[in-house]
Every structure is written in C-alpha cells, then in structure tokens.
Protein chains: 2
Amino acid sequence: MKTSLFSYPTPFTPPTTEEDELSFLRLARSRRVGATTFHRLLKDHGSAAAALDALPGIARAAGSADYSPCPPGVAKAELSAGRRLGARLLLPGGPGYPADLLELPDAPPVLWALGRVDLLAAPRVAVIGARNASSLGQRMARKLAEEMGRAGFAVVSGLARGIDAAAHEAALPFGTIAVMAGGLDVIYPPENRDLASRIATGGLLLAELPPGTEPQARHFPQRNRIIAALARATLVVEAAARSGSLLTARMALDYGREVMAVPGHPMDARAAGCNMLIRDGAVLIRGAEDVIEAMGLEAAPRAEPRPDPRPSPQPAAAAKAGPMAAVTGLRARLLALLGPAPTPEDTVIRDLGIDAATLSREVIGLEIEGEITRHPGGLLSRG
Amino acid sequence: MKTSLFSYPTPFTPPTTEEDELSFLRLARSRRVGATTFHRLLKDHGSAAAALDALPGIARAAGSADYSPCPPGVAKAELSAGRRLGARLLLPGGPGYPADLLELPDAPPVLWALGRVDLLAAPRVAVIGARNASSLGQRMARKLAEEMGRAGFAVVSGLARGIDAAAHEAALPFGTIAVMAGGLDVIYPPENRDLASRIATGGLLLAELPPGTEPQARHFPQRNRIIAALARATLVVEAAARSGSLLTARMALDYGREVMAVPGHPMDARAAGCNMLIRDGAVLIRGAEDVIEAMGLEAAPRAEPRPDPRPSPQPAAAAKAGPMAAVTGLRARLLALLGPAPTPEDTVIRDLGIDAATLSREVIGLEIEGEITRHPGGLLSRG
C-alpha cells in the first residue's frame, strides 16, 4: 500500500455496514458538499453519520437556515440504481477503493464500479490523447496499451474517441479501466457503447457520479483527476497544444505521478502537446519498453489475454443516447482522421470501426461539400 | 575568443611568412603525421620548420631508416593547386583559423577555405541529418537553416544529400559553411556540384585534405569532427538509429558543444536517431526559436539575405565526378523519399531537384521491378 498524504483510514470509522454506505452516499450527495468538503467533514466529525447530523448546524452558522442534507430516499434510490446495473459502490477506506486516490485532497467520496474490481489491485498506467487522433496515433495507442497490458498493467483511460478508445480496445484482453465523466450507464460518446459494455464485463468501468448522470463540460476535468491519480504513469499519445490530455498530464505531475509522451514531428499539430511535455521534462517514449524502463522495472510480470467475454444482448451498462448525435460524431472523426496525404479507405474503415457502406455514405456528402477528395485506388484525403 | 584546451598560439611560432606556410603544409602532409602527431611535433619543436628537421631522426629512432618528410615540391604543388581554385590556406594560430577548432587535440593542421572566410567569425550552428531524408525532414531542415541564418548564425553542414543539402540551400542567402570530406574541388555527391559552386561564392567551402583528393570512407568521420567542433550547437534533423549524424552528435557532446534534435514519430525509422538523442538528453527542438532559447540568447542579431551571386560558367570549384554514378544515386534517393503512404510526384520532383521526364524514366524501371507503385492522381508509393 502506498504512503498516503491523508491519514486514512484512521481518522474516521471505515464504512462497513449498509448503514455506513448510505451515510457516505448521503453526505457525498448533499448540496454544496464537494469532494474536499466531504473529506474535511469526515475528518472533523469522525464518521459520515456524525457529519450528516452536524451539517444543518454548520449551514445555519453560515447563514443558510433552510439547508438539509441529501434525504435518505435519494441515496437509497441511487444505491438501487447502481445495484440494478450490477455495480459495486467503493468508499474511501472501504474494501476495493484504490489507495492511490486517497492521496488527493479531493479524492472521490464514492466510486461506482462495474466489472473487474480486481483490476484496481494491479499496477496501472493511463494511456490518453487526442479525440481527433491520426491513424498513426491510434496505432501507437493500440501498441502501447497492448504491450503494457501484456506486461501486467491495467490500462486506464477516459473512454473518449480516438486515443482513449484505441487504448481500451487493445488493452481489454488484459484488463482496462474506463473512468467515466457521467454515470456508469451514460456512455459518452455514444459510438463507444459497444466498447463500454465489453469493458463492463472484461474490464472495469468507474464513475464518481450517480447512475443516470449526463456528463457535462465541468465533469471532464473532475474525471481526469481520477485518471491521473489512479495511474502510476500517464502516457500521452498525440495531443494538441491546448488539450484536455495536457491538463490531465499536469494533474499527474501535481500528484507526483510520472508523465511520459510519444514524440511526433513538429510540423504535425497533433504532436505539439506531446513535444511540449517532453521539453518540460516528460519521458520520451517510443514503446512499452521505454515506459517500463522509466518506471525502473527490471522485468514486469507477463499477463495472458483473457478470453473475450461475449457481450450479453442486454448489457449490464445499458447505454443512454449522449448529447451528440452519432452521425455528427462520425463526420467529425472522419475529417479528423484525414490529412493532406491520401489515406487508404481500408485504414479509415478500421480506425473508425464502421463498415464500407457507412463510410461511403459519409464520403459522398463530404465530397460534395468539398471537404474531402477521393483519389482513385481507394484513397481519401482532406480538402 | 574562446578559452582553448590548447595553449595556442603561444608554444610555437605562428605562421606568418610563405616559408612558414610551406613548412606547415609539408609537416601536415608528411607520411604517418596525423593531426594529433602534427600538434605534438609542433609543440615539442617550437615551429613547423624545426619539426620537419627533427622528423627523420625521430623516424630513425623508431626503426624507419628510409623515412623522409613531404618534399617541398609536393607542398608547393598543393599551394599552387589551392590558389588556382581561389582558395585560402588557414593554419592553426594563423589569421582566419577558427579558434573553436583549436580545442581539439586533433585540430586540422591545415584548412583550405574557398569563399566567405568572414563566416568563420560568425556564431555557428550545424544542421545535419539523414541523406535519405523524407520530404518532411527536408522541409524542417530548410526552415531551421533559414531561421538560424536570419538570426545571424552561419549554418555548417557536410554537403551530403538530403538534410545537409537542404540546410545549405536554405541558409545560403545568409551564409553557410560546407565542410568537405575530400578536396575542395571534388564535390561529393556529384549532384551537389551546382550547390557547391554557389556556396564557394555566397558561402564558404572548407576542406582539410589537398585539392584533388577523392573522399574515402575514412575521411567522413574526420570531416564530421570539424563540423561538430565548429558549431556551437549541432542540430540533428532526421537520423536513423545507426547513422553518421549520430556519430557527429556524439563528437559534439564530447567537445562540450550542445546537441539538439527534431523529434519524430516512433514508427518513423528516420526519427529513431533523433528520439534516441532526446532520450539521452539532447534538447528537443521544434524550430529556431527553441534553438535560440536553449542557447540562452535573448534576441539574436538579425541578418538580411545577401543577393544571390550568379554562379560563373566555370565555377572556381570545378567539380570532378564522384565515385558513384549519378543515376544510381537518383534511384536510391527516390526510393528513400517514398514510403507506404502515397506521395505526390510534384513533391518528389521538387525534393529531388529533377525534371518530370527524369522522374518518369526512373519510375518506370522501379515499377517494373515492383519497388514502387504508381497510383492514379500522380501519386507514388513504395512497394
């Protein structure tokens, strides 16, 4: 177990009963109780139940006469919803909750976990990067994630398009952890529904927010802190100069984790963030061997891929439609994938995970609009 | 003037007269007198003339009864040949000889210089890299060289194909120094003859070996030490894992110079050497600004491009044919330029500096051999 900045689990009663669980959840879901406040209250009052009792008095003292904490019924409904999905609730200091997260002053007060909770006991690396990744970037993400999986690491990422999805996909046979910005059952982007449902069985989905929560812009940095803190090293594969991946990398540095980045040519805008990180001291990585060397590991344990669990027709994590229509997503992803150099359609089909007919439909529209050019020989380019 | 590891010019009489010049040249060209021995003899005997007098005795003591130093006639012939080219002879401790070179224990005993000797007084950076550079690499070399030239630096390189030639070409309007492996008048590779003759007027050609000397394999590392020592920083743009550019970079480090490298994607073999250098501590550079920042310069002097001097029909540095037929060179360069992703013919024509008919002839042969594939739309790819 790692040394923790916090003195968990000593300063309060660790959650053991169902009653404790309910109190933790009520405290976490009470209005104006953010993660940092949650931990402060827990520490000051010794238990979640005692903190809940104290909360109205604290609010009154601060001038809010009508404050009341989250009602038990709301927390019970969340517990039922989580259990219907087949998820487990992990609480700070309780079983399964990753000790690494306890180092954060704003450690998630609760975590919903669906799938292989055992993966939280494995050493972990994050593989993150651009949503509008190039084909080369996605290939690199797959290679790194698979090799790190084979080396015995659980690969953590954010289930986004591009690099994240490629990393999860390649690491799934070994074990991958997707940290979600919204609820466990709200898959964003929607095109990753199938991937999410396979991770829910063969890997692990984690969410700090209640089931059913639609992710909003402010949720993503919160989610990113969990990725950065969970991973011993954050590997950035393609990231633009101002991008969420860079923010996650900075958080990882703040938390004392290692940051490593895949370099790229300076004339490729998608390499700008990674090159910047390397200039700022991140380890330049060319593959998993560099990662393992930088971590000071002589030889890592070898993992065998697990047999692919068939996704059930009604997966436990039944997906809701995200805020963006899938068709718009495809169009943006297709444009992002293409550059001035012609790319074979086969590569595009593989990278987008779509069939030839779907690609063809999309291409026709974009060709008419002058956004892409079709070259004889099955090649496509931008502009 | 830089502090020198050597105590030049104190320990021997600096060359001032034509007689001194002849003695220096005779000592330098005497059998078994390498650069290190040259300096040892000069130091031990106080002048080149005294060293020449002592040489037969030293040889006899070492068991060579029949040793005689380079005859005056041979050295006189070299002096005449150099002067016919319009070149100047630079001698250690003498006017024009770059002080930075005196830091080497094997500083060149003589240097032939053709063109703007004033460039040796400017701050200098080397821009070097792969002969089989990609289009992107050549673009980067041109950009870096031009920007460094504009910032007031003389750009040093080796007049090789690929990165070297691109760097010289772009830096020529500001001032560029080509250090040659053979004699000043033996341009290798032959396709750089025109470039060399323009450098001879608008820039500076330097050669350690006598005019007329065909460069041999062993001459290249000797030449590279001059590049590494002349430049305050060596910038590597594309280099494979085991390449001459890396050896030059290592020499630069040995000499206490800065080494900087342009990163590239790990799946691009031509980036392997640069990425390795960055992992080993070289500064990652994305452009001239990064170079200037790493050199600790606030703002460098701005240079204006000089008007392009028209090359004379019979250039001073009349070229001899190099050891490799130009046609074989073209074929190798064409193959090197192409990768699995189709590249427009126009780009290839520009990068190779050939006309469409020449390219077409070459492509037909390579297509028949299955080495390259022609795609509709004027695109070529490897394999």
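The values are calculated or read from the model by the stated rules, or taken from the named source; none is laboratory data. All values derive from a computational prediction rather than experimental measurement. Neighbour counts run over all protein chains shown; Cβ positions are idealised from the backbone, glycine included. In case anyone asks, the SASA skips ligands and DNA or RNA and just uses the protein heavy atoms, side chains included. Shrake-Rupley method; radii C 1.70, N 1.55, O 1.52, S 1.80 Å.
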Quick one: what are the phi-derived ³J(HN,Hα) couplings along the stretch B:149-165, Karplus 6.51/-1.76/1.60 with θ = phi - 60°, whole Hz, x for glycine and proline?
x, 4, 7, x, 9, 8, 8, 9, 7, x, 6, 7, 5, x, 4, 4, 4
For peptide A:265-273, compute the average count of partner chain beta-carbon atoms within 10 Å of each residue's beta-carbon.
5
Aspartates and glutamates whose Cα lies under 17 Å from that of B:K143, excluding same-chain neighbours fewer than 8 positions away
A:D268, B:D164, B:E169, B:E238, B:E289, B:D290, B:E293, B:E304, B:D351
For A:I354, residues with placed amide H under 5 Å, excluding near neighbours
none
For a quick check of understanding: with a 1.4 angstrom probe and all protein chains in place, what accessible area in square angstrom does B:R286 have, to the nearest ten?
70 Å²
Applied in sequence order to the stretch A:26-41, the curve 6.51 cos²θ - 1.76 cosθ + 1.60 (Karplus, θ = phi - 60°) yields integer Hz couplings, x standing for Gly and Pro, of 4, 4, 4, 8, 6, 3, 6, 9, x, 4, 5, 4, 3, 6, 4, 5
Inter-label distance for A:R32 and B:R218, nm, one decimal - labels placed 7 Å from Cα along Cα-to-Cβ:
8.6 nm
Fully extended, how many nm does the chain gain between A:R350 and A:D118 (0.36 nm per residue separation, minus their Cα-Cα distance)?
80.4 nm
Would you mind checking which residues have amide H under 5 Å from B:T373's amide H? H placed 1.01 Å from N; only 5 or more apart, or other chain.
B:S381, B:R382, B:G383
Where trypsin sites (Lys or Arg not before Pro) fall in DSSP loop in the stretch A:232-281, at most 14 other Cβ within 10 Å
A:R242
With the crude spin-label approximation of a point 7 Å out along Cα→Cβ, what separation in nm comes out for B:E289 versus B:M267?
2.9 nm
Can you list the residues, at least 5 places off or on another chain, whose amide H is less than 5 Å from the amide H of A:R124, using H built in the peptide plane?
A:A154, A:R232
So for the stretch A:17-102, using the alpha carbon gyration tensor with a ≥ b ≥ c as root eigenvalues (a/c under 1.5 gives rounded; past that, a/b versus b/c decides prolate or oblate), I'd call it oblate
Residue-wise HN-Hα coupling along the stretch B:266-272, computed from phi with Karplus coefficients 6.51, -1.76, 1.60 (Hz; x: Gly, Pro)
x, 7, 9, 4, 6, 9, 4
Label A:K43 and A:L335 with points 7 Å out from Cα along Cα→Cβ: what is the distance between them in nm?
4.8 nm
